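The values are calculated or read from the model by the stated rules, or taken from the named source; none is laboratory data. What you see is a predicted model, and the numbers here were worked out from it, not measured in a lab. Here the Cβ is made from the backbone with ideal geometry for all residues, glycine too, and neighbour counts use every protein chain on show.
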Amino acid sequence: MMTHLKSMTVPEIAGVLKELNQPAFRAKQLFSWLHKGAASYDEMTNLPLSLRTALAQKYPLYTPQVLRKQQSQKDGTVKYLWQLEDGNCVETVLMRYHYGNSVCISTEVGCKMGCAFCASTLGGFVRQLQPHEMLDQVLHTQLDSGLPISHIVLMGIGEPLDNYDNVMRFLELVNDPEGMNISMRHISLSTCGIVPMIDVLAEKKLQLTLSVSLHAPSDEVRNTIMPVNKAYPTEQLLEACRRYYKKTGRRISFEYAMINGVNDTVESAQLLIKRLKGLSAHVNLIPLNHVEESPLKPSTKQNVARFQQLLEAAGIPATVRRSLGGDIDASCGQLRRKYTKS
Ligand code: SAH
C-alpha cells in the first residue's frame with residue numbers, strides 16, 4: 001500500500017478521494033497536477049478549496065531540493081544531487097543525445113551489491129526509494145533543466161531488482177498517459193544479475209530494455225569484482241538471460257566495464273564470445289570510470305578497440321559507450337560519495 005499520493009495510480013487516488021467524499025473524476029485531475037510537478041495544492045485551481053486544504057493536511061507535498069548541480073563543460077551533461085524528504089540524498093544524471101534527452105536515475109539510497117569498481121556501494125546501503133522518489137528525479141530534472149526528457153535508464157545508485165515492487169510501480173507511473181507518458185521502449189533497466197528477479201520480470205513482458213552488468217566472461221574473474229556472482233554464477237545468469245529473451249523477445253544488452261588487466265584480454269574476449277553464443281545480445285563496452293578509492297584502472301584505448309573488434313568479428317554487436325560527463329564525476333555514486341564524506 002503506497003502512502004504518498006504521488007506513488008499512487010489514478011484508481012488508488014480515486015479511492016483516497018472517495019473517502020473524502022469526492023467524485024472519481026477528480027483523481028485524474030489530481031494525478032495530472034502531481035505529475036506536472038505542482039509544488040503546492042494552491043496551484044491546483046480546478047480542485048475545490050476545501051479538498052485542497054484537506055489534502056494539504058493529510059498528504060503534505062515535498063519537492064526534492066537541489067543540493068549540488070554540476071554541468072559538464074564538454075558535453076552538456078548535468079549531474080544533480082537531490083535531497084529527499086528524510087534528508088538522504090541521491091543523484092541523477094541528465095545526458096543529451098541526438099535522439100533526445102535521457103536521465104540516469106537512482107533506485108536506492110546506497111547499494112548492497114559491493115561491486116569492486118563502483119562508488120555507489122562504498123558507503124553501504126541505506127534504504128530503497130519509493131516510486132515517487134524515482135519519478136521526481138525524472139520530473140524535476142526536466143523542470144530544472146527546461147529540457148523535455150524522453151529516455152530513462154535505471155543505472156544510477158542502487159540495484160533496481162532489489163527494489164522490485166517500487167521500481168515496477170515507478171515504471172507504471174512514468175508510463176501513464178496522464179503523467180509523463182514516457183514509452184517503455186525508451187526505458188532501460190540495469191541489473192547486476194539477481195537471477196530469480198530476472199525471471200519474475202520476464203513474466204511481465206515489458207517492452208523495456210534489460211541491461212545485464214556482466215563485466216566478466218567467467219566466474220573466476222567475475223567473483224573477484226562482483227560479489228553477487230557467488231550467489232548467482234555466470235552460468236545461471238546467462239541461462240536466465242536466455243529464458244528472458246525467449247519470454248519477451250527483447251534483445252538483452254550486456255554491460256562490460258573494461259578494467260585494465262582484469263577482463264580486457266584476448267582470452268576474455270574469446271570466452272565471452274563462446275558464452276554469448278545463441279543469445280541475442282548486444283555488448284556495451286564501457287571504459288572503466290576510475291573511482292578514487294579503487295585500485296582498478298580503465299583499459300587502454302587499444303585494448304578496448306581490440307576487444308570490440310574480436311566481438312564484432314564473431315558476429316556479436318558491440319559498441320564502445322561514449323563516456324559523458326567525465327569532468328563532473330558523472331559515474332554513479334561519485335557525487336553522493338563526495339558529498340556525504342565531506
Ligand atoms: N545495480 C545495477 C544498476 C546500477 S550501476 C547494475 O549493477 O547494473 C549501472 C552500471 O554502471 C552497471 O553496469 C555498473 O556495473 C556500471 N558501473 C558502476 N561503476 C562503474 C565504473 N566505475 N565504471 C564503469 N561502469 C561502472
(request) Just give me the residues in segment 172-197 being touching a strand residue (DSSP E or B) at 6+ places or on another chain (Cβ under 7 Å) and either among the polar types (S, T, N, Q) or within 16 Å of the ligand (Cβ to nearest atom) (or both), in sequence order. (result) 187, 188, 189, 190, 191, 192, 193
(request) Just give me the residues in segment 150-177 being buried (at least 24 other Cβ atoms within 10 Å of the Cβ) and in contact with a Cys (Cβ under 7 Å, 6 or more places away or on another chain), in sequence order. (result) 156, 157, 158, 159
(request) Specify the residue that is farthest from the ligand (Cβ to nearest atom); the eligible residues are those in segment 226-261 that are among the polar types (S, T, N, Q) and out of contact with any Ser or Thr (no Cβ under 7 Å at 6 or more places or on another chain). (result) 248
(request) Starting from segment 115-140, keep only residues that are more than 15 Å from the ligand (Cβ to nearest atom), then list their pairs with residues that are of a type in the set (Gly, Ala, Ser) and not in a strand (DSSP E or B) whose Cβ atoms are within a distance under 7 Å, requiring at least 6 positions of separation or different chains. (result) 130/7; 131/7; 132/7; 139/37; 140/37
(request) Those residues that are more than 15 Å from the ligand (Cβ to nearest atom) and under 26 Å from the mean Cα position of the chain (by Cα), I need them from segment 276-302; list them, please. (result) 276, 279, 280
(request) Could you tell me whether segment 210-218 includes any residue that is within 13 Å of the ligand (Cβ to nearest atom), over 21 Å from residue 264 (Cβ atoms), in the same structural domain as residue 163 (by TED's automatic domain parsing) and not in a loop (DSSP other than H, G, I, E, B)? (result) yes
(request) Enumerate the pairs (first residue in segment 1-30 and in the same structural domain as residue 53 (by TED's automatic domain parsing) and of a type in the set (Gly, Ala, Ser); second residue anywhere and loosely packed, with under 12 Cβ neighbours inside 10 Å and not in a loop (DSSP other than H, G, I, E, B)) with beta-carbon separation below 8 Å, excluding pairs fewer than 6 apart on the same chain, so at least 6 apart or on different chains. (result) 27/11
(message) Among the residues of segment 282-303, are any in a helix (DSSP H, G or I) and touching a Leu at 6+ places or on another chain (Cβ under 7 Å)?
(response) no
